[in-house]
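Q: Okay, handing you the structure first.
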Amino acid sequence: DGGITQSPKYLFRKEGQNVTLSCEQNLNHDAMYWYRQDPGQGLRLIYYSQIVNDFQKGDIAEGYSVSREKKESFPLTVTSAQKNPTAFYLCASSTILGPEIDEQFFGPGTRLTVL
Amino acid sequence: RKEVEQDPGPFNVPEGATVAFNCTYSNSASQSFFWYRQDCRKEPKLLMSVYSSGNEDGRFTAQLNRASQYISLLIRDSKLSDSATYLCALPRPTLGRLYFGRGTQLTVWP
């Protein structure tokens, strides 16, 4: 089945540790996105990538880093510089239709708790 | 001003009611928009895609009002299973991204 996988579903880390969240898609989508969602809040864009080996900062990139070495994979590292890392992290992907933006499909998310 | 503004609610309605949500946007270049549904502690799932002035799918109708710069989602004959958070999303093609509203929480009671 085609889809987006994120692992793990729940992640606990000690304060000061870097942690990497996995996102893989087999939909052959060009674009991939990372969002953060806090309780009762909407989605805030962290980073996104439209092509391999290229990515752009979103609205809240500070304290995060990404890489896009393969089309299928877009891992997100939450660094110790991120002041409030506890949140629900969602990865998404979409096709690119020329000048238009197509709908995004989301993975099941990773709940990160920093103790 | 935020790209997309959405009333968070909550909206509490009885079964069978009609309920409408709006999102206002600031960038008038949007040619399409999307509505997502998000259940508690789950990922958002696409509810409707709209590439012109509107779209209808069963009990759900989405419309775009370009003059007033808002999009709407109308749910008719509400079901208990419609209880969820509904997020609007508008594209910014020049930036290659979507802007999401913060979501409107709907609870349908029996």
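Q: Looking only at residues in the range A:1-54 that are among the small types (Gly, Ala, Ser) and closer than 30 Å to residue B:104 by Cβ, which one is nearest to the other protein chains (Cβ to nearest Cβ)? Outline the logic, then answer.
A: So in the range A:1-54, the residues among the small types (Gly, Ala, Ser) come out as A:2-3, A:7, A:16, A:22, A:31, A:40, A:42, A:49.
Now restrict to residues that are closer than 30 Å to residue B:104 by Cβ: A:2-3, A:31, A:40, A:42, A:49.
Numbers: A:2: 14, A:3: 11, A:31: 7, A:40: 8, A:42: 3, A:49: 9 Å.
Across the range A:1-54, the extreme among qualifying residues is A:42.
Q: Take the residues in the range B:80-93 that are closer than 15 Å to residue B:9 by Cβ and touching a residue at least 40 places away in the same chain (Cβ under 8 Å); name whichever of them is farthest from the other protein chains (Cβ to nearest Cβ).
A: Looking at the filtered set, the residue picked out is B:84.
Q: Which one is nearest to residue B:100 (Cα to Cα) among residues in the range B:26-66 that are hydroxyl-bearing (Ser, Thr, Tyr) and within 14 Å of chain A (Cβ to nearest Cβ)?
A: For the range B:26-66, the residue satisfying everything is B:36.
Q: Taking the range A:24-50 on its own, how many of its residues are farther than 29 Å from residue B:5 by Cβ and either surrounded by 21 or more Cβ atoms within 10 Å (Cβ to Cβ) or hydrophobic (A, V, I, L, M, F, W, C) (or both)?
A: Initial filter on the range A:24-50 (farther than 29 Å from residue B:5 by Cβ): A:24-28, A:30.
Subsequent filtering for residues that are either surrounded by 21 or more Cβ atoms within 10 Å (Cβ to Cβ) or hydrophobic (A, V, I, L, M, F, W, C) (or both) retains A:25, A:27.
Of the residues in the range A:24-50, 2 are farther than 29 Å from residue B:5 by Cβ and either surrounded by 21 or more Cβ atoms within 10 Å (Cβ to Cβ) or hydrophobic (A, V, I, L, M, F, W, C) (or both).
Yes/no per residue for (1) at positive phi; (2) without any contact (Cβ under 8 Å) to a residue 40 or more places away in the chain:
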| site | (1), (2) |
| --- | --- |
| A:47 | no, yes |
| A:50 | no, no |
| A:53 | yes, yes |
| A:59 | no, yes |
| A:62 | no, yes |
| A:68 | no, yes |
| A:71 | no, no |
| A:90 | no, no |
| A:93 | no, no |
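Q: Test residue B:24 against the stated conditions and say whether it is over 28 Å from residue A:4 (Cβ atoms) and part of a strand (DSSP E or B). First the steps, then the outcome.
A: Values: over 28 Å from residue A:4 (Cβ atoms): yes; part of a strand (DSSP E or B): yes.
Answer is yes for this residue.
Q: Still on this structure: Which of the residues spanning the range A:12-23 are open to solvent by less than 20 Å² (accessible area, probe 1.4 Å) and either farther than 15 Å from residue A:107 by Cβ or over 11 Å from the mean Cα position of the chain (by Cα) (or both)? Steps first, please.
A: Taking the range A:12-23 first, the residues open to solvent by less than 20 Å² (accessible area, probe 1.4 Å) are A:19, A:21, A:23.
Result: A:19, single match.
Q: In the range A:35-44, is there at least one residue being part of a loop (DSSP other than H, G, I, E, B) and among the polar types (S, T, N, Q)? If you could, list the steps in order and put the result at the bottom.
A: First, pick out the residues of the range A:35-44 that are part of a loop (DSSP other than H, G, I, E, B): A:38-42.
Add one more test, that the residue is among the polar types (S, T, N, Q), and what stays is A:41.
For the range A:35-44, residues part of a loop (DSSP other than H, G, I, E, B) and among the polar types (S, T, N, Q): present.
Q: Any residue that is closer than 26 Å to residue A:39 by Cβ and without any contact (Cβ under 8 Å) to a residue 40 or more places away in the chain - is there at least one of those in the range B:60-79?
A: no
Q: Another question, if that's okay. Taking the condition of being within 14 Å of chain A (Cβ to nearest Cβ), of a type in the set (A, V, I, L, M, F, W, C) and open to solvent by 20 Å² or more (accessible area, probe 1.4 Å), how many residues in the range B:94-110 meet it?
A: Count: 2.
The values are calculated or read from the model by the stated rules, or taken from the named source; none is laboratory data. Since this is a predicted model, take the numbers as computed values, not measurements. A quick note on method: Cβ atoms are made from the backbone with ideal geometry, for glycine too, and the neighbour counts reach across all protein chains shown. Only protein heavy atoms, including side chains, enter the accessible area calculation; ligands, DNA and RNA are left aside. Shrake-Rupley method; radii C 1.70, N 1.55, O 1.52, S 1.80 Å.
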